[in-house]
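Okay, so here's the structure we're looking at.
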Protein chains: 2
Amino acid sequence: MKKEIINIGILGLGTVGQGVLKILRENKEFIEQEIFPCKINIKKIADKNKKIALDNKNYYKILTESAEEIVTDPEIDIVVETIGGFEPAKSLIVQALKQGKHVVTANKEVIAGAGYEILDLARENKVYFLFEASVASGIPIIGALSHSLTSYKLTEIIGILNGTTNYILTKMSEEGKDYEEALKEAQEKGYAEADPGKDIDGFDAFNKIFILSAIAFRAKIDLGNIYYEGIRNITKLDIEYARELGYTVKLLALARNTGLDLDIRVHPALIPKKHTLANIGGAHNGILVRGGDFGDLTFSGLGAGALPAGSMIVSDVVEIIKNYDNYYNQYNCFEKKKIRDFSQTNSPYYLRIRVKDRPGVLAEIAGVFAWKKVSFLSVIQKGEAGEVADIVFLTHQAKEGNVREALEEVTRLECVEKICSAIRVVEI
Amino acid sequence: MKKEIINIGILGLGTVGQGVLKILRENKEFIEQEIFPCKINIKKIADKNKKIALDNKNYYKILTESAEEIVTDPEIDIVVETIGGFEPAKSLIVQALKQGKHVVTANKEVIAGAGYEILDLARENKVYFLFEASVASGIPIIGALSHSLTSYKLTEIIGILNGTTNYILTKMSEEGKDYEEALKEAQEKGYAEADPGKDIDGFDAFNKIFILSAIAFRAKIDLGNIYYEGIRNITKLDIEYARELGYTVKLLALARNTGLDLDIRVHPALIPKKHTLANIGGAHNGILVRGGDFGDLTFSGLGAGALPAGSMIVSDVVEIIKNYDNYYNQYNCFEKKKIRDFSQTNSPYYLRIRVKDRPGVLAEIAGVFAWKKVSFLSVIQKGEAGEVADIVFLTHQAKEGNVREALEEVTRLECVEKICSAIRVVEI
């Protein structure tokens, strides 16, 4: 028989935790119809900050400073973890699962850092560990991968998974802002944190593409081998040149299943400006899923925020309640998969190289690239002729390691002032 | 204990049925890992056509002419219905459910025509009735609505749900083809049937938006009250004028939950050409789901075809097997909802009216519209001045009934030759 009152404990009342409370309150009637005849009871909320502003005064009665109290309370059925960061969140999740509680979280760092261990633990204890909100929170991609795309081997995922960097790149691209200006605006509007490193440097997208790859490819992979690179070096000028060449610059998270290994990486990329993903602007996220004859399936939606994340967390809670007495294992990560060494991956490249403007320069540079087996699709001299000039190269598909070696050699040429930019091209 | 061999019976081996077989065969290993420790056994396939071309000779041994044999076979656990059309498919589905078999189908006509009755029957018998492939087959929208968007009241769905008409409109728009030419090309390429009426006249999209509305709004609605209109009257010229005004013409399926009632309809519409949906071209489908503060969530993917449909059907089979001993009711259509009378809905309008080119015409026409409370946003005279001229009007939001009355009055004016076009505008 179905338990009628499902007791929930919430760990952490930051933005997302408050979003969860708001969704639960505002959609109470709808949710209760959805989980009929069950009802949700918020039994305890843990937060260190006792002065927290709660719009419902009743919550103060159930507020505790001790997270421990929630994960050990025998009456609590589902723990919602919205503390964020690796510890203490991870230990609390582990403790809750061991106590036989279901856990819902949006915590990508915990999943990236200890996901397999936690999933094993959940399986052993026959409890759910759900985390739809952890990746592109407004897009139900994990549900799609685990409920609806289960009959076809997926070959590729290409995502714009970080809203902060997408906002910055969109501002640079559409309004001609430079990087610092766009970052400042993102911070003012709340799209970037005061310390934006995790977003800007690709770490956030790196955690997310790891999670998507594991779920989509049913794979056991080693997070440490995934390459990531952020957008600090992207300039307004390169965005303009890219546009002239028919491309838009995006921070892409890529995962390809070659059959032999997985090619997973995060880096800025030039993508064709007519592609759906190129047109996903602002703080939105977009995900393309591809599989053999199946065609392309693209999702776009909000990537972050209290309400999208809160909605997905509560949807996970609803999913658990609907399946309450019917535990089944949602995620199979059965295949141990090697991640391709980054130097062995292939991409065409956009390069901007500043040279002394005199005869023979192009021949010298081209010679070095040819030696390293990198060939050019197009070469355009940019800017006014003068003492120095910028040359923009688009290369054919080339091995990452070879391009790096070539660039190292090229910087040593007397005629070369500097490598201004080197951005990979992804022909989606 | 979980049943180890799950016996499947397939009804009908048309395009989709063959797609199901292909997916099951080509992805056998992947699917078996997914449903471990279960295995799928295709026990019987029913098709009247004994000469059907099956790539696996073993299937001939299990081929039967009698669909009855499958729905009554006590050993068959899951029936896949891929006959299409209302009868005999509906009766076979009912029979299978009554026998305690789970049913998976892509048959939108059966669901549109008898969905509530069938869902009730499935619930009574505690068996699954799943139909992900019935709407926008390559897009897992039903899974998203029933598994992942369950905590938030959705307010709006806007879909491009018919690939045939989208292909035709895209060809007209991008290559300047006229309607007949584009339709012929769609037929040659297999995107349109020899008798394309169901697609062209909006009937297909009408069935699909009914299904999405019922699932998304958890609503009991009366199919018969949904207005639908196709694309036969769309001309190349209007597509050109629309583009000049910043719009693209699409066959839209719309469903809005006003709280009081549902505004559901299918008709061609001008939508802003920069919107994601406007850029979903060819035979692709696109669906936008909107809900309060949650933001917009957009899906795009293949709308039809043996493999997308086959994949989704097999994914439904996998979902049933994963939940085999744990029946739970997936769809709650608990709210009886009224559909707003079409004449009471509101849209801005694009109108092209052919008039005698002489002074005072505009005043006469404007007078009629003003009388019917329809006001103009812009008025542009098109074409060379001569005996007659076309005037293009964009109206403000106006009541459907009022626009119709105004148009009737306007055709009676002596100065008006004819109403060339009247297309609604949807500012997404």
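For the stretch B:97-232, the C-alpha radius of gyration sits at 1.19 times the compact-globule guess of 2.2 N^0.38 Å, with N the residue count.
With only alpha-carbon atoms in the gyration tensor, what are the semi-axes of the equivalent ellipsoid for the stretch A:103-152, in Å, largest first?
19, 15, 9
Between B:Trp371 and A:Glu414, the FRET efficiency from the beta-carbon distance, with R0 = 56 Å, is close to 0.10. Here the stretch B:1-125 is described by how far its Cα atoms reach on the three principal axes: 40, 36, 23 Å, from widest to narrowest. Ellipsoid semi-axes for the stretch B:1-45, based on the Cα gyration tensor and the rule √(5λ), read 21, 13, 6 Å when sorted largest first. For the segment A:137-146, counting C-beta atoms of other chains within 10 Å of every residue's C-beta and taking the mean gives 5.
Would you tell me the mean number of C-beta atoms belonging to other protein chains that fall within 10 Å of each C-beta in A:295-304, as a whole number?
Mean shielding count: 6.
Across peptide B:22-34, the average count of Cβ atoms from other chains found within 10 Å of a residue's Cβ is 3. Based on C-alpha pairs under 8 angstrom that are at least 6 apart in sequence, chain A has a relative contact order of 17 percent. Over the stretch B:76-168, the alpha carbon radius of gyration divided by the compact-protein estimate 2.2 N^0.38 Å works out to 1.17. Given R₀ = 35 Å, FRET efficiency for A:Glu175-A:Arg358 by Cβ-Cβ distance, to 0.05? It comes to 0.40. The GNM of chain A, with springs linking C-alpha atoms under 10 angstrom apart, assigns the highest mean-square fluctuation among A:Lys322, A:Lys184, A:Lys57 to A:Lys57.
When the Cα convex hull of the stretch A:205-330 is projected onto planes of every orientation, the mean area is 10.4 nm².
Computed from Cα atoms alone, the Kirkwood hydrodynamic radius reported for the stretch A:375-428 is 12.6 Å. GNM remark for chain B: springs join alpha carbons under 10 Å apart, and the peak mean-square fluctuation among B:Glu387, B:Glu132, B:Glu69 falls on B:Glu387.
With the Cα gyration tensor of the stretch A:276-320 in hand, convert its eigenvalues to equivalent ellipsoid semi-axes via √(5λ) and list them largest first in whole Å.
The equivalent ellipsoid of the stretch A:276-320 has semi-axes of 24, 17, 4 Å.
With a Förster radius of 45 Å applied to the beta-carbon distance between B:Lys61 and B:Asp261, the computed FRET efficiency rounds to 0.25. With the simple spin-label model, which puts each label point 7 Å out from Cα in the Cβ direction, the B:Lys220 to B:Glu124 separation comes to 1.4 nm. Run the helix sum for the protein assembly as shown: -39,500 (n - 2.57) per DSSP H stretch of 4+ residues, divided by residue count, reported at 222 nm to the nearest 500 deg cm²/dmol. Result for the protein assembly as shown: -10500 deg cm²/dmol, rounded to the nearest 500.
Determine one quarter of the surface area of the Cα convex hull of the stretch B:309-428, which equals its mean projected area, and express it in nm² to one decimal.
About 12.4 nm², averaged over all directions.
The convex hull around the C-alpha trace of the protein assembly as shown, projected and averaged over every direction, spans 40.4 square nanometres. According to the calculation over all Cα-Cα pairs in chain A, the P(r) per 10 Å bin from zero is 4, 20, 28, 22, 13, 7, 4, 1, 0 %. Per-peptide packing, taken as the mean over residues of other Cβ atoms within 10 Å, places B:368-381, A:12-25, A:211-224 in the sequence A:12-25, A:211-224, B:368-381 from highest down.
Placing a label point 7 Å from Cα along the Cα-to-Cβ axis, B:Thr15 is separated from the same position in the other copies by 4.5 nm, shortest listed first. Between the C-alpha center of the stretch B:185-212 and that of the stretch A:95-141 there is a gap of 42 Å. Comparing B:Ser347, B:Ser66, B:Ser137 in a Gaussian network model of chain B, where Cα atoms under 10 Å apart are tied by springs, the biggest mean-square fluctuation is seen for B:Ser66.
Here, each number is a calculation from the coordinates, and none is a lab measurement. Treat the numbers as computed from the prediction; the structure is a model and nothing was measured. Cβ atoms come from the backbone with ideal geometry, glycine included; neighbour counts cover every protein chain shown.
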